[in-house]
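Notes to accompany the following structure.
What follows draws every value from the coordinates through simple rules; no lab data is involved. Quick caveat, the model's predicted, so the values are computed rather than measured. Cβ placement follows ideal geometry from the backbone for every residue including glycine, while neighbour counts extend to all protein chains displayed.
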Amino acid sequence: MTEPGLVVDGLTVEIPTSRGVVRAVRGVTLRVAPGEAMALVGESGSGKSMTCRAIVRLLHPPARITAGAVRFQGRDLAALSEPEIERIRGTGIAMVFQDPMSALNPVLTIERQVAEVLPAAAGGPRERRRQVVALLRQVGIADAERRLRAYPHQLSGGQRQRVMLAIVLARRPAVLLADEPTTALDVTIQAQILTELRRLQAHLGMALVLVTHDLGVVRRTVQRVAVMYAGQVVELAPTAALFARPRHPYTAGLINSVPSVDRRAALAPIPGTPPDPVGLGDGCAFAPRCPIASAECLRGEIPLRAVADGHWSRCLKAHVVGGARVAGTAAQGS
Amino acid sequence: MTTLAGELAPPRAARTRVPLGLAAGAAMLVALLGGSALAPVLTSYDPYAQNLNAMLLPPSAAHWFGTDNYGRDVFTRVLYGAAIDLRIAVLAVVFPFVFGVVAGAVAGYLGGWADAAVMRAVDVITAVPFMVLVIAIVAFLGPGELNILVAIGVVDWIVFARLVRGEVLRDKNLEYVTALRALGFSRARIVLRHLLPNALPPAAVFLASDIVLVILTTSTLGFLGLGVRPPAPEWGLMISEGRTFIYTGWWAAAMPGFACMYAGIAFILLGDGLADLLRVRGQ
Amino acid sequence: MPEPLLRVRNLAKSFPLPRSPVDAVRRRPGEAVHAVDGVSFDVPRGRTLGLVGESGCGKSTLGRCLLRLYRPDAGEVWFDGVDLVRLEEPDLRPYRKRMQVVLQDPYSSLDPRQTVGSALLEVLGVHGIGSAADRPERVARLLTQVGLRPADARKYPGEFSGGQRQRVSIARALAVGPELLVADEPVSALDVSIQAQILDLLLELRRSLGLTMIFISHDLRVVRYLSDDVAVMYLGKIVEHAPAPELFARPRHPYTLALLSAIPEVDEPARPAVEILGEPSSAVHVPPGCRFHPRCPWKVERCLHEAPRLREVAPGHRVACHEARA
Amino acid sequence: MLRYALGRIGQTVPIALLVTILIFLLIKLVPGDPASAILGDRATDASVAALRHQWGLDRPIWEQYAVYMRNLATGNLGTSLRYQSPVADMLPARTSVTFFLVVYSLVLSVAIAVPLALVAAAYRDRWPDQVIRASMALPLAAPAFWVGILLLIVFSLKLRLFPADGYGGGFADHVRHLFLPALTLSYAFASVLCRNLRSSLVDVLQTTYVDFARAKGLRRRVVLFRHVFRAALLPAVTLIGVRLTYAIGGSVVIETVFAIPGLGSWMVDSILARDYVVVQTLTLMFALGTMLINLATDLIYPLFDPRLRMG
């Protein structure tokens, strides 16, 4: 019996540049169960988007997979030929992208870009048009008929994201990789799209991998989280456990960097800047910015170890990391 | 003009301090100008003296590029010709570059009537094909080096005006210009100290490729008999004179063309090298 | 109550859309984007006003009208007792020293071909601050003040990260010693950890320099962290304005409630979710009556044809909504 | 869409008027008295006076312009001194030759540039890409007329594959006669078109919507032709318009090299014969052709790019 869901095992992606080889993804290992919603969270340069692109082999040259496997439906996607991976994309694993402005082809109508994923319908073009209208309505686009002849630039950001979801819906994929689908949207539209995404996931029984940098979105959307830093998964846990008791200093630092509307707790920003991706050596990449780092953190391979049920951390001092909302100094102002 | 050097050099060649293209282009030019200046020393032949018993001799050790229908050494004339064509080319681009950059900057930043005036002029001149207009002007003014300079000057500035106007229009909306206006900087200071320095590098890179166009134009005018008067060893004129003898002495017409191409490639390489050098540090 | 540093009355600014030649011939009046449509508020000295709203609500245009980067179509902007709307460029210069701006995009808010040091020196020179001798020392101090090293003066903007560039922009704004700092989405383009560093820097500078600040953002969490008072904008108008703790504890306008419930909070929010419908209306064809009514879950007949005025429902808490409970 | 077209045509009319003024003034550049310069060695006091009166040269300049425009309007394009016949009579035949040459060179350019651009974009940064890009950069340095002569030497004289000059009778003959001139005219255009098409293909290949098209599971061929190629054509279309006007300019020289009876060679002959009236009129014809091409490109562009369709 082949393993259900999607298994990423030791995935490594490298990009040769004039300054040397950038190891954008350094041995990522993840498992996504069917129907599960998990998040890949991290800042820019953490490798979260690159990991998704590697899974469906949409890396832009010169970036390429140099190690690891992606097991899905009993096959290693990393080893498939281009025609074989093409058959997996869309029906097996689908992907949607961040920037609604550029995710749809500006010179093709909405109808064309949705219809092109539908199998040739028995009833010919009229039947296919009816199917397109049904799909657009299902993802919450009002007056779908009028939108058919429209071009992407005539739609708002929110509507364009919905069109992308309609296209995903058409192929009924087993796994959807959503690369920051709501980052470019206003917060009210973002809420609508996230609700739509959850409804779509439940409706299709689809597994969802949500890539985002917004911890709030993670908290309200997924059951499990992988925190990424400098190309590695540094913490993997159920969402509630991660926010209740982060077991990696970077995760704790991230949580303490997000201002809250309810309480004006002081922020405890992580000092310094993310590391230079060229020539990332062994040892913990976060050490230079870590308040509890010591000599042993700088050498050798630091494994991802289980620290609780389903809760993994790539930190030698995982037990030491403090509670979630660090009390911090007295709250400013009133 | 995307880069030739960039195309020749492997994409991941480490950028040496002085870009490859710049060094190669400069070396080629120095060799040509040096050869042209030292021609009297380098060859014993006189570019103008006719030698009736040496007519149309094929390329040989004695005559590297052979001789023309008047028995003159083609290689010597090509060297002397370099001075003419390069002088015209460099002189001819000075006015278009300066006037075009200023007109483009003013049109780009001020907009309104200034932009309309400049752009209408550009539209009118663009309406007539470049070569046709230059040839017509020289035709009416009469042949000669000065008239070539005038003709090219009147027509060629529109390319720089359009380029700089585009750069200024794009930069004008960038946030750093908004910030400078908030800092109370005067319009003149913003244009002269910020917008122009950002628009000049691309204009300078284009200048190199524009010189190539001017070399071709000068030699074309020479070829059509509208350029420098015979017996001057101008490349276009030499090709034109050699053309009638392509049956018996193809080299007389062919060799000056190679020299013209050599100069063109030198300037293209210079332009690419300049582009690498002027690329903003850290970008 | 001391005289507020900034008093804005009925400020309006719209951008005419180009009329097609056919419309021009038929004299049909051109359309315009009504970015700011009658806005009034005060900003007491030393306090920070948070201006929050979604894209297209006019908050950036409002900020630029205050800095007189745009000339408003109507209204008054009283800065320390002088109406800046009446002044034209040469007379505005002295006020440029007293109010400054920090903008959003770290990659285009600095001149790429000018080193950081020469950029700061140029600002000091233009405003004749200090002498040629002591200016380099002032530049070093400015850089240190924003958390950079004096040696960074020789570098070009391309050699800095996004967060560091925002620090340079802040240093450039502080160079003239302003009283009012308008920060237009200063941290939106930054990663969370860098964002926190810049927010703390702004807090620190506000306290140490006694700055009055207008903080413009679409992110209520960031606005809450920095603001003393908050004004929520929708389609060119202020719909709710109150001291921050009051607004976040007892929000009254349906749009504010919707914004608060839509924010993905790290901690579980204790507020009822208010779902709003559809997409923001266009700022060109502004809906009649209350401009929020097409998306408002509480709308009644009156909302369709009578625009609500900002009225005080609690001390310092003003709301523009017929249905908002006192 | 109609509004957009009307707008564009509306903009072209004033430009056309300004062009006629520019070209009208050109003849004033002639040093000395234009009438005697035009009549040249045939000038006698009587004929000079007659010509001055015919053109109203003694009247104020704007009246002269009015005369000039009235002549244009009535189809009186002046008479060629060399052939002693109205310019208008010789125009149609000559124009069709130049038109044939320019279109022929456009076809060759596209035929050369498009496949090379596809290969260069497909093998981005690998050796085929570099060879194509380098070889496409070289021709820009070579003067067109010289390349024409080289082709003439090699393919006509040495290999006898193509006739050395003339236009020939009948379509097939035209194609054979004009192959070398069209090739000469097209290589510079092909190199610029190839480089621009390659870079726009490379840009489009990296856009999010191509990623999404592939993520939908579309076959590579469908992605390439329906999504990539169509979007990449946009910048190339505007380029075709701009480069066509350069090609027209080039025809002046190429027709002279290959002795082709088109507008270009006629213009050069008229210049050398100081037949100023013809030179002036031909310059106007070239300008007219260019403006029509620019207008056509502007009108075609929205067909490719719907974003412009709202006018």
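Table for the structure above
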| quantity | calculated |
| --- | --- |
| Volume of the Cα convex hull of the range C:233-311, divided per residue and given in Å³ | 107 |
| Helical segments meeting 30 Å axial Cα length and Kyte-Doolittle 1.0 threshold in chain D (DSSP H) | D:2-26, D:87-122, D:179-205, D:230-257, D:276-304 |
| Computed [θ] at 222 nm, deg cm²/dmol, chain A (DSSP H ≥ 4; -39,500 (n - 2.57); rounded to nearest 500) | -8500 deg cm²/dmol |
| Built amide H within the under 5 Å cut-off of D:S80, gap 5+ | D:S85, D:V87 |
| log10 of Debye I(q)/I(0), alpha-carbon scatterers only, for the range D:161-277 at 0.09, 0.16 Å⁻¹ | -0.42, -0.82 |
| Shape call, the range B:138-177: gyration tensor on alpha carbons, a/c limit 1.5 | prolate |
| Using alpha carbons only: equivalent-ellipsoid semi-axes of the range B:46-180, gyration tensor based, whole Å | 46, 17, 10 |
| Shielding of D:144-152 by partner chains, average beta-carbon count, 10 Å | 6 |
| Taking all pairs of distinct alpha-carbon atoms in the protein assembly as shown, Kirkwood radius in angstrom | 35.0 |
| Which listed pairs, of A:K48/A:K317; C:K237/C:K299; C:K97/C:K155, have C-alpha distances above 21 Å, in listed order | A:K48/A:K317; C:K97/C:K155 |
| For the range C:269-315: rounded, prolate or oblate by the Cα gyration tensor [a/c cutoff 1.5] | oblate |
| Order of C:E179, A:E127 under a 10 Å beta carbon neighbour criterion, fewest first | A:E127, C:E179 |
| Fewest-first ranking of B:I239, A:I255, A:I167, D:I293, using other Cβ atoms within 10 Å as the exposure measure | D:I293, A:I255, B:I239, A:I167 |
| Centre separation in Å (Cα based) which lies between the range B:97-160 and the range C:277-309 | 54 |
| Sorted peptide list for A:202-210, A:184-192, D:88-96, criterion being average Cβ within 10 angstrom, highest first | A:184-192, A:202-210, D:88-96 |
| Among beta bridges that DSSP assigns inside the protein assembly as shown, antiparallel share in %, nearest 5 | 60 |
| Partnerless Cys - chain C, beta-carbon criterion under 4.7 Å | C:C57, C:C65, C:C296, C:C321 |
| Neighbour net charge for B:S219 - beta-carbon separation under 14 angstrom, K R +1, D E -1 | -1 |
| log₁₀ of I(q)/I(0) at q = 0.10 Å⁻¹ - the range B:19-282, Debye sum with one point per alpha carbon | -0.60 |
| Nitroxide proxy distance, nm - points 7 Å out along Cα→Cβ at D:V131 and C:L277 | 6.5 |
| Distance between the range D:93-155 and the range D:45-74 - C-alpha centres, whole angstrom | 45 |
| Sequence ranges A:91-101, B:209-219, ranked by mean other-Cβ count within 10 angstrom, highest first | B:209-219, A:91-101 |
| For the range B:226-231, Karplus couplings with θ = phi - 60° (6.51, -1.76, 1.60), whole Hz, Gly/Pro x | 9, x, 5, 5, x, x |
| Under-5 Å amide H pairs with A:V22, H placed in peptide plane, nonlocal only | A:I15, A:T17 |
| Cα gyration tensor category, rounded, prolate or oblate, for chain D with a/c compared to 1.5 | oblate |
| Phi-based couplings in Hz for the range C:125-136 (Karplus 6.51, -1.76, 1.60; Gly and Pro marked x) | x, 4, 9, x, 8, x, 10, 3, 5, 8, 5, x |
| Efficiency of FRET between B:R189 and B:V154 - r from beta-carbon atoms, R0 35 angstrom, step 0.05 | 0.65 |
| Relative exposure of C:F160, B:F267, judged by other C-beta atoms within 10 Å (fewest first) | C:F160, B:F267 |
| Rounded Å value of the spacing that divides the Cα centres of the range D:206-271 and the range A:242-270 | 56 |
| Spacing of the two label points (7 Å from each Cα toward its C-beta) at C:D80 and C:A24, in nm | 4.4 |
| Rounded to the nearest 20 debye, dipole of the protein assembly as shown from Cβ charges on Lys, Arg, Asp, Glu | 2580 |
